[in-house]
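We did not get these values from a lab; they are worked out from the coordinates using the rules stated. The shown structure was predicted, so the numbers you read here are calculated from the model rather than taken from an experiment. Positions of Cβ are generated from backbone atoms using ideal geometry, with glycine treated the same way; all protein chains shown enter the neighbour counts.
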There are 2 protein chains.
Amino acid sequence: MNHPAPRAVMPRVLPDELLSGLHDLFGERLSTSRAIREHHGKDESSYDPMLPDAVVFAESTAEVAHAVALCNQHRVPVIPYGTGTSLEGHILALSGGITIDLSRMNRIVAVHPEDLTVTVEPGVTRKQLNQEIRDTGLFFPIDPGADASIGGMAATRASGTNAVRYGTMRENVLALTVVTSDGRVIKTGTRAKKSAAGYDLTRLFVGSEGTLGIITGVTLKLYPQPESISAAVCSFNDIASAVNTVIVAIQAGVPLARVEFLDENGVKAINRHDKLSLPEKPLLLFEFHGSASSVEEQARQVQSIAAEHGAIGFEWATRPEDRSRLWQARHNAYFALLQMRPGSRAISTDVCVPISRLAECLLEAKADCEREQLVHSIIGHVGDGNFHVQMLVDPADPQDIARAEAVNARMVTRAIAMDGTCTGEHGVGIHKMAFLVEEHGEDAIDTMRAVKHALDPHNIMNPGKVVRW
Amino acid sequence: MNHPAPRAVMPRVLPDELLSGLHDLFGERLSTSRAIREHHGKDESSYDPMLPDAVVFAESTAEVAHAVALCNQHRVPVIPYGTGTSLEGHILALSGGITIDLSRMNRIVAVHPEDLTVTVEPGVTRKQLNQEIRDTGLFFPIDPGADASIGGMAATRASGTNAVRYGTMRENVLALTVVTSDGRVIKTGTRAKKSAAGYDLTRLFVGSEGTLGIITGVTLKLYPQPESISAAVCSFNDIASAVNTVIVAIQAGVPLARVEFLDENGVKAINRHDKLSLPEKPLLLFEFHGSASSVEEQARQVQSIAAEHGAIGFEWATRPEDRSRLWQARHNAYFALLQMRPGSRAISTDVCVPISRLAECLLEAKADCEREQLVHSIIGHVGDGNFHVQMLVDPADPQDIARAEAVNARMVTRAIAMDGTCTGEHGVGIHKMAFLVEEHGEDAIDTMRAVKHALDPHNIMNPGKVVRW
């Protein structure tokens, strides 16, 4: 099964009344220029751009509400835009409409250090957030690859390398402010750490990718900056030994903060890119957070578990500069790989399976890539059972792309058969709508669709994404 | 503001076709006897019983689906029943109908120790679960007071004393099997640890209290049994010092497994009931989980923080029997208090606030109880900002009950003003429907109602609970 290509739609003529209404509200912050529309009509997916008919730059929840109410009145699509770093075509204007750029809503609204919470506008990026709260001794752990906006991360249920210890956006959003499809403003929760007060609207909007409402405020959990951090790296002769090391460490209750896997191709790429000399074999990269003695204890425990699984060259990096160098290399892996085939583009997969099936899932994916002679590497958030196969394709060669997409489709089918999911953290967008049906079944998709119809009866909220109307 | 009393409804005559359909399906497991109906028409709330017209004892998801489909066809209410231990009138048959007793669906379906997951039928109780998985070295931490069913705990988003470390049902349910209002069966998720695959149906059904569908299967996260456990207890001259101790410990990143608060009345009650001699002052009871050295380190850290806040008589309980004795006393607190006023019944509140507001919220609640001369005690899951005021009332004295309900209503209003919630863990049922509107506002309630209308168009799923139709 392959994914459907987005339907090409001719540019629409917007109703004058809508345009003049938006102009009254946004003035110079309404744009129909081609350059602005082009910038907002593409993300980091493999799709060609699909442009909105106009873009507005919102500066408040009230402005977003007003804009949505106008669009609702005219039945014109509305697409929220943060940093444009999504990977599955989330922000493409399939049917034209108005893109609401939220990047100017970038204020930290309130920090409550005693409560370990912060409330931000949706355009705040994750790095900006951590920069601005640094003096409180707290931090926000969720780190997708890009410096994404918090609103976009909530909308796509993002995670990253710290999720094994700190969870994903699902676990770390306490409450949202949301503009509904008729332009009303609701608060989905409070700053209470737990609540049994009615339907969980917060979790319903987290991961809804702009299709049920627009997130204009986010209250997040924060965590104390760890007293101590250390990192370690080790290699294995085979993938199964690396994965089993992680399974045993987790079962032993070691509170790993991060544990990332790179296959030998990934290691080769970063060796070349970052001038490292890591053994070109399956590799695990660990990070431990805690008190000085607890970090040392965790690390010793993991070292001994790794040794039992035949680890090679267990190395410590306790100095911040060594840690940073290793993690920087890990973060560069995507770009490092691209340089292995100049002129290529990467297609990235995102399955997530129960960890007991991870080695098998990884090995079958790898064998498939090799059969198809695809230049590839594998990077895994291995503690969560989530990994990305990056396949380098020639963007001008449809057969090359088709081979990579077929590998992805087979991988998804296998992951679902292992009681896993087609997407651990990238979301559905348009790319995975067919996979979503395969994963959940038609009846569950009907339930999702009933929710969509109820909350967005005119199908104006980021239409054509997640579930088919 | 006071809560609405449930509307009394005359017993309904069920359509013959429905009864014969249910009889074909359930045979002797369909009952219309008064004793069975009475048993299923009451919970542990203060409400008078409201009986269903019939009860069926389901043994499989297929049976539940079939029964719901029949009821849907005849527009007859359906109420799921686990152990009957809910506190807010959740299972009362306000409009009659069929109660589906799920207690016979009590099998552990699959344990996956390497993945730290278990899948159970909804009638499995939390104690049964921990008993049955004990040999795996894993445990399930969520512990509401009662030995509730896992299905009921998921339906009410339950938590308990371990939530500060391990989260609530919101964080610990991975996937559900749900029978929808038209009798279809959906799976809301997979065993993958994280997923960005579409709307979060799992979290939508968790806490929906049987009003959107009936939970017939639950996949849960499990945790390694801690290598070491220790407990400690200390007293304070005032409530604020106790709360501030907890705030500082959490901010310092101490991974407290449990931290419970008792006011001096609660301590008096357990001293008398359990023959203890704890100082009759505000008290904190801690539990630490981890490796032997980490537990010791946590405990030392907390002891020093408590000392800075004027703690009195910090005492350790590392031996299992001492720990059990203390925690048993804590668990007995509810019954211990009842004995302080023989013949009385307890009305329990459940607000939860950001922890920085907790001392203030507790003190105002206490002052209000004292003004109203109510016999009361306070028990708090203080690390979460959640506490219960138990007020002893004479069940035959409407004025006494009204005084207690008025104290509760004022407490909820104050908690909401502090950005907290009317219910941390007991749920809404019928008791807190008005508070829910006060907390979320009419527009957010409209959003919840739109979801209810979409997923239960004939209002047959536990009607009259959570949100008004």
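Quick rundown of the values:
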item	result
For segment A:393-469: rounded, prolate or oblate by the Cα gyration tensor [a/c cutoff 1.5]	oblate
Inter-probe distance in nm under a simple model that places probes 7 Å from Cα toward Cβ, at residue B:225 and residue B:332	2.5
Förster-model FRET efficiency, 25 Å R0, residue B:130 and residue B:324, C-beta, rounded to 0.05	0.95
Fewest-first ranking of B:316, A:469, using other Cβ atoms within 10 Å as the exposure measure	A:469, B:316
Between segment B:417-469 and segment A:234-274, the alpha-carbon center distance in angstrom	46
Other-copy label distances relative to residue B:137, 7 angstrom Cα-Cβ extension, nm	3.6
On Cα atoms only, tilt of A:292-308 relative to the major axis of chain A in degrees	70
Neighbour-count order for B:323, A:191, A:104, A:357, fewest beta carbons within 10 angstrom listed first	A:104, B:323, A:357, A:191
Separation of the residue B:73 and residue A:32 label points, Cα + 7 Å toward Cβ, nm	5.7
Contour minus Cα-Cα distance for residue A:293 and residue A:339 (0.36 nm per residue)	12.5 nm
Between helix A:320-331 and chain A: long-axis angle, C-alpha atoms, 0 to 90°, nearest 10	60
Calculated P(r) of chain A - Cα pairs past 41 Å, %	18
If the convex hull is drawn through the Cα atoms of segment A:272-407, its volume per residue in Å³	122
Estimated dipole of segment A:22-101 in Debye, rounded to 20 [Cβ of Lys and Arg +1, of Asp and Glu -1, Cα centre]	180
Within 10 Å of each Cβ in B:28-37, the average number of Cβ atoms from other chains	0
Two-site label geometry, residue B:304 and residue B:104: point separation in nm, points 7 Å out along Cα→Cβ	6.0
Extreme residue, positive dipole direction of the protein assembly as shown, given options B:277, B:331, A:290 (C-beta unit charges)	B:331
Pseudo-label separations to other copies for residue A:373 - Cα-to-Cβ vector, 7 Å, nm	9.4
Residue pairs, from the table A:194/A:465; A:42/A:268; A:432/B:187, whose Cα atoms sit over 21 Å apart	A:194/A:465; A:42/A:268
Distance from segment B:131-180 to segment A:51-101 (C-alpha centre basis), Å	40
Residue among A:343, A:426, A:383 farthest towards the positive dipole end of chain A, charges placed on Cβ	A:426
Farthest toward positive dipole pole in segment B:108-224 [+1 Lys/Arg, -1 Asp/Glu at C-beta], among B:186, B:163, B:218	B:163
0 to 90° range, to nearest 10: angle between helix A:16-26 axis and chain A longest Cα axis	60
Shortest-first distances to equivalent copies, position residue A:69, nm, label 7 Å out along Cβ	4.6
Estimated FRET transfer efficiency when R0 is 30 angstrom, pair residue A:363-residue A:397 (beta carbons, to 0.05)	0.65
Beta bridge orientation in segment B:1-133: antiparallel %, DSSP, nearest 5	40
Segment residue A:276-residue A:443, extension gain: residue separation times 0.36 nm, minus the distance between their alpha carbons	55.1 nm
Kirkwood estimate for segment B:288-333, i.e. one over the average of 1/r between Cα atoms, Å	11.9
Sorted largest first, extent of the protein assembly as shown alpha carbons per principal axis (Å)	83, 62, 59
Overall form of segment A:228-335 per C-alpha gyration tensor (a/c, 1.5; a/b vs b/c)	oblate
Cα-based shape type of segment B:166-225, given that a ≥ b ≥ c are square roots of the gyration tensor eigenvalues and the cut on a/c is 1.5	prolate
Cβ-placed point charges (K, R +1; D, E -1), dipole of segment A:341-426 about Cα centre in debye, nearest 20	100
Mean-position separation - Cα centroids, segment B:327-354 and segment A:191-207, in angstrom	27
Burial ordering of A:90, A:66, fewest other beta-carbon atoms within 10 Å first	A:66, A:90
